[in-house]
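Heads up: the structure comes next, in structure tokens.
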Amino acid sequence: MTEAPSLPYLKVVNALQRAGFTVIRQRGSHIRLQKRTREGLIKITVPAHKPVKKTTLAKLIKQSGLSLEEFKELL
């Protein structure tokens, strides 16, 4: 797996929405998204930072069930 890019939170949220996630709420500087799958409910919390750290973004991509290549296509 290559290194995750450093992106602003708006791009991260928009890419996850294109992947089927919906924004549930925003509380302070964190945005909560979720997606229903056959296996269950996936919940992700994106920090509203400019930029989101590379390590944090890598963990968010892994939690979403997407590969890095799939995520980059959604940008």
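Each reported figure results from applying straightforward, stated rules to the coordinates on display, with no laboratory input. The structure displayed is predicted, hence computed values, not measured ones. Cβ atoms come from the backbone with ideal geometry, glycine included; neighbour counts cover every protein chain shown.
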Given axes a ≥ b ≥ c from the Cα gyration tensor, I'd like to know whether the chain is rounded (a/c under 1.5), prolate (a/b larger than b/c) or oblate. oblate
In sequence order, calculated HN-Hα J values of segment 15-23 (Karplus, 6.51, -1.76, 1.60; Hz; x Gly/Pro): 5, 5, 5, 5, 7, x, 7, 10, 6
Of the candidates I24, I61, I44, which one comes out as most mobile in a Gaussian network treatment of the chain with C-alpha springs shorter than 10 Å? I24
The chain - mean residue ellipticity at 222 nm from DSSP helices (-39,500 (n - 2.57) per run, n ≥ 4, rounded to 500): -10500 deg cm²/dmol
Out of I42, H30, Y9, whose Cα points farthest toward the positive end of the dipole of segment 9-74 (charges: +1 Lys, Arg; -1 Asp, Glu; placed on Cβ)? H30
Once phi is turned into θ = phi - 60°, what whole-Hz ³J(HN,Hα) does the Karplus curve with 6.51, -1.76 and 1.60 give for every residue of segment 42-49, x standing for Gly and Pro? 9, 10, 10, 10, 9, x, 7, 10
